[in-house]
Amino acid sequence: MKATINITLKSGVLDPQGKAIENALGQLNFSGVNSVRQGKLIEIDLSETDAAKAEASLTAMCEQLLANTVIENYDIQLDKSE
Amino acid sequence: MSTRLNNLVDVTEDIAREHGLTDDEYKMIVGHLGRTPNMTELGVFSVMWSEHCSYKSSRKWLKKLPTEGPQVIQGPGENAGVIDIGDGDTAIFKMESHNHPSFIEPYQGAATGVGGIMRDVFTMGARPVANLNALRFGEPSHPKTRHLVAGVVSGIGGYGNCIGVPTVGGEVNFDASYNGNILVNAMCVGTARADKIFYAAATGIGSPVVYVGAKTGRDGIHGATMASAEFDDASQEKRPTVQVGDPFTEKLLLEACQELMASDAIIGIQDMGAAGLTSSSVEMADKGGVGIFIDLDKVPCRETAMSGYEMLLSESQERMLMVLKPGREAEAEKIFHRWGLDFAVIGELTDGHRMVVHHQGEEIADMPLTHLADGAPEYDRPHVATPKRPEFDASNVTHPAIADSLKSLMGNSEIASRRWIWEQYDSMVMGDTLVGPGGDAALVRVHGTQKALAMSTDVTPRYCFADPIEGGKQAVAEAYRNISATGATPLAITNCLNFGNPERPEIMGQFVGCLDGMGQACLALDFPVVSGNVSLYNETNGTGILPTPAIGGVGVIADYNNAIGSGFTQADAHVFVIGASHGALGCSLYQRHVLQDEAIVAPPAVDLQAERAHGEFVRATIAAGAVSAAHDVSDGGLLVALSEMAMRHGIGVSSQQQGDSAYWFGEDQGRYIVQVSADQLAGFTTAAQAAGVNVNEIGKTGGDELTIDATLTISIAELTRINQDWFPDLMSGKTA
């Protein structure tokens, strides 16, 4: 079973990288960019076939390693089509 | 909580308590205002009266420290201390804690600690030239330790390396008392011309108050209150207050400030550190004896719908507050905009000595400044002296073979090489680092001159716990020794006083004792305190940390070509010990880690007269060219110090000295080991006699082994391997 995890900074946490992207877009004359926030996307392929178990396992991975839950949120999307 | 952060909520005693104010303090606030404070005013009072901002438990004792001397240009009370290093040059430095934020989010906590202390230094007109860090972690085997070490170290490196200021030194200890409360003390040293120093005091009614730097978000609201509260298991929930640092913005801020400082447009300048806009505006206006008006609608914000309460208490990083000469705004604005930074006139100085804040057209706060700053409560907390400890009892002790003890100490958490840490730091950027991490004191050239600054951070917490007075003396004396061992003259110190809960009399007794000892040493060694920081309530679930008054010493040498290193540099040179060796094993690493004896006994006594005499002798003989390497004897005693000198450049040493374990591992104070080449021998011994200093030849350099006749032979390669392996093994999980 495949899963996609989006990890983003919690709202209100300063995002220096997003700010750098925003400035760079301005320098390239892309107008109308109000703000940019960036994060990361992680794709994981699991041998687990039970969706509930997969989700529990992915949640544990996020809590312990993938996300810094002090300043980041995570969102798990399971691809159940397979 | 956000629903409460505005003035629509009526303040009650319960809300005051949630802000960390006692019932008596709340009554005082009501008395000063002559009415109930609103939410914004309560927030401002609570941070200004927090331990972190007001020093309410410590002020009485800090006043007793010696802070004066001919070398002192600015003592405690400003953003950082300033000392005269000759030729119109000054060194500006301070050390500050970022303990609680670093425990919650080690990378960002440590990074913003480094950023904050650099702003304290460059806000005074200095260019930062060196960073040091005094770190204390829990037991190596504790499950959180590796995570915290890795995060803190990369946070320090990340910020310092990005902004381009070298990290040149520091210290690390591991102890179970820091398991739930690590210490991250960051020190920054900068240089400036004596006629280009900037202070916080704001004067001139009508002068514009200007906000520069990054935008304000909801970062770290109540960080100052958090830093003044004990941790309990619920403190995990306080996490969203963590600030995120941006070293690239700080670099822009540094350069923009330096550019504006080259003109004469600035009246006063202060960085927005703990308690942000609140403490910076209160301190500037209070020091200048004026009032201040602030219109929060002018404050550049990163987030929408921030309340006045949130804007005043936000601890967003990389921001400064300035008071400019009237009419100079446009010139300053041009500079800050060119560096891509926000610039906003947010208010002006007023008469009346009050702080008045408007938001969305309404007055949301009106408070007397006197009561916010110097008028904060001052407590004379009850304190009980730490009981006198018995001397170490050497009877019934079975000593292992000296060679085994040495190997055990060289691979011990307290002595093992810190290379794993400092390899992650850029210690050479700026091109002026002469001696980086790993020596006694770091040496950094004063750019464009022959002068160099020597700097070191020191304290031995286990001594301070056993005997706060002797421990306090020892911390200052060790900084003095480390600087002297390079040939530089020690000039002044900063400190970062980390203790447990001051409301417990035995903890307050530790604080009082350590400051007593520090004060005695500062006086005896002409080594005054010019800046500092106090961090109390370092406890977890009622257990305090070891008392840890970290000392950051700074000295100067007129010509860096005369400075020497801590490692042996040549074969067939004579090796002398300066100072008497009585075999003091009490509180030694040998007692704790080799004998595994946890008994709390008396630490080695510090003879301040001898410290001074030995320091002066070492500096004089270095200046005369008689001594070509010097290392102070501290943790682990003589044999560890000898090993460190040998490992530095891979040059061995052999000794005919006969001694027992107490002789080789005792931690008697006031000692150095020095290398004297054969052609300097006569001059050195004559100088020692003339100075009346106890020197004792213990061996000769050469070969690639450490040899003590009839006792041990160990190759330098093996010592180095033992010493270097511990940290990488810990961090890769091999030893945990």
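Structure notes:
- Our summary gives the stretch B:429-514 a relative contact order of 23 percent, counting only alpha carbon pairs under 8 angstrom and 6 or more residues apart.
- Farthest towards the positive end of the charge dipole of chain B, among the residues B:G583, B:I335, B:I182, is the Cα of B:I335, using unit charges on the Cβ of Lys, Arg, Asp and Glu.
- From the C-alpha gyration tensor of the stretch A:2-79, square roots of 5λ in Å: 31, 14, 8
- Projected label points at B:S141 and A:D79, each 7 Å from Cα along the beta carbon direction, are separated by 4.6 nanometres.
- The label point for B:V429 and the one for B:A176, both projected 7 Å from the Cα toward the Cβ, are 4.0 nm apart.
- Peptide A:15-28 is shielded by partner chain Cβ atoms: per residue, an average of 2 of them sit within 10 Å of its Cβ.
- On the stretch A:2-79, 49 percent of the accessible area sits on carbon and sulfur atoms, based on a 1.4 Å probe.
- Cβ-derived FRET efficiency at R0 22 Å, B:E331 paired with B:D351, nearest 0.05: 0.25
- Applying 1/(1 + (r/R0)^6) with R0 = 45 Å to the Cβ-Cβ distance of B:A571 and B:D87 gives a FRET efficiency near 0.70.
- Relative contact order (%) - criterion: Cα under 8 Å, at least six apart; region: the stretch A:2-79: 52 percent
- Highest average packing first - B:622-633, B:526-537, B:275-286, B:393-404, Cβ atoms within 10 Å: B:275-286, B:526-537, B:622-633, B:393-404
- The protein assembly as shown: C-alpha gyration tensor shape, a/c 1.5 cut-off, then a/b vs b/c: prolate
- Within the accessible area of chain B (1.4 Å probe), percent carbon and sulfur: 50 percent
- With a cut-off of 13 Å between beta carbons, the residues surrounding B:D195 carry a summed charge of -2, where Lys and Arg count +1 and Asp and Glu -1.
- Loop-located GluC sites (Glu not before Pro) across the stretch B:540-649 with a Cβ neighbour count of 15 or fewer within 10 Å are B:E598, with loop assigned by DSSP.
- Estimated from helical segments only, the mean residue ellipticity of chain B at 222 nm is -10000 deg cm²/dmol, where each DSSP H run of four or more residues counts as -39500 (n - 2.57).
- Both chains summed, the buried accessible area for B and A stands near 900 Å², from protein heavy atoms and a 1.4 Å probe.
- Acute angle (nearest 10 degrees) that the helix B:608-623 long axis makes with the longest principal axis of chain B, alpha-carbon atoms: 80 degrees
- To the nearest ten degrees, helix A:51-61 and the longest principal axis of the Cα atoms of chain A are 50 degrees apart.
- Remark: chain B projects, on average over all directions, an area of 29.6 nm² (convex hull of Cα atoms).
- Ranked by the mean number of other Cβ atoms within 10 Å of their residues, highest first, the peptides B:358-368, B:50-60, B:210-220 come out as B:210-220, B:50-60, B:358-368.
- Between helix B:39-48 and chain B: long-axis angle, C-alpha atoms, 0 to 90°, nearest 10: 20 degrees
- In terms of the mean number of neighbouring beta-carbon atoms within 10 Å, the peptides B:120-130, B:74-84, B:293-303 order highest first as B:120-130, B:74-84, B:293-303.
- Between the stretch B:584-652 and the stretch B:72-103, the C-alpha centres lie 28 angstrom from each other.
- Two-decimal log10 I(q)/I(0) for the stretch B:489-552, as the Debye equation yields it once each C-alpha is a single scatterer, q = 0.19, 0.22 Å⁻¹: -0.70, -0.86
- Each residue of the stretch B:496-506 was assigned a 3J(HN,Hα) from its phi angle through the Karplus expression (A = 6.51, B = -1.76, C = 1.60, θ = phi - 60°), giving 9, 9, 9, 9, x, 7, x, 7, 9, x, 6 Hz with x at Gly and Pro.
- Using C-alpha pairs below 8 Å separated by at least 6 residues, the relative contact order for chain B is 15 percent.
- For the stretch B:376-421, trypsin sites (Lys or Arg not before Pro) meeting the loop criterion (DSSP other than H, G, I, E, B) and having at most 11 other Cβ atoms within 10 Å: B:K388.
- B:D704-B:A403 FRET efficiency (beta carbon distance; Förster radius 22 Å; 0.05 resolution): 0.85
- Whole-Hz Karplus values for the stretch A:16-33 come out as x, 5, x, 5, 5, 5, 4, 5, 5, 4, x, 5, 8, 6, 7, 8, x, 8 Hz, taken residue by residue from phi with 6.51 cos²θ - 1.76 cosθ + 1.60 and θ = phi - 60°; glycine and proline positions read x.
- Over chain A, dividing the summed -39,500 (n - 2.57) contributions of all DSSP H runs of at least 4 residues by the number of residues returns a 222 nm mean residue ellipticity of -8500 deg cm²/dmol.
- Amide H within-cut-off set for A:E72, under 5 Å, with H built and near neighbours excluded: A:K10
- Peptide A:5-14 - average C-beta neighbours from other chains (10 Å radius): 4
- 3J(HN,Hα) couplings calculated from phi for the stretch B:304-313 with the Karplus curve 6.51 cos²θ - 1.76 cosθ + 1.60 (θ = phi - 60°) are, in sequence order, 8, 6, 7, 7, x, 4, 5, 5, 5, 9 Hz; Gly and Pro show x.
- Residues within the reach of a label modelled at B:V9 (point 7 angstrom out along Cα to beta-carbon, backbone nitrogen below 19 Å), restricted to the stretch B:310-333, are B:310-315.
- Heavy atoms of the protein chains alone define the surface here; on that basis the stretch A:2-79 has 63 Å² accessible area per residue at 1.4 Å probe size.
- In range of the label at B:H32: residues from the stretch B:277-306 whose backbone nitrogen is under 13 Å from the point 7 Å along Cα→Cβ: B:279, B:282-283, B:286
- Long-range amide H partners of B:A629 with built H, under 5 Å: B:Q675
- Proximity of backbone amide H atoms, modeled 1.01 Å from N, is registered between B:F198 and B:G125 at under 5 Å, excluding neighbours fewer than 5 places apart on the same chain.
- Among A:T49, A:T59, A:T69, the residue with the largest mean-square fluctuation in a Gaussian network model of chain A, with springs joining Cα atoms closer than 10 Å, is A:T49.
- For the peptide B:242-249, the mean number of other protein chain Cβ atoms found within 10 angstrom of a residue's Cβ is 4.
The values are calculated or read from the model by the stated rules, or taken from the named source; none is laboratory data. Quantities reported herein were computed from a predicted structural model and do not represent experimental measurements. Here Cβ is always computed from backbone atoms with ideal geometry, including for glycine, and neighbour counts include all displayed protein chains. These accessible areas exclude ligands, DNA and RNA; they are computed on the full protein's heavy atoms, side chains included. Shrake-Rupley method; radii C 1.70, N 1.55, O 1.52, S 1.80 Å.
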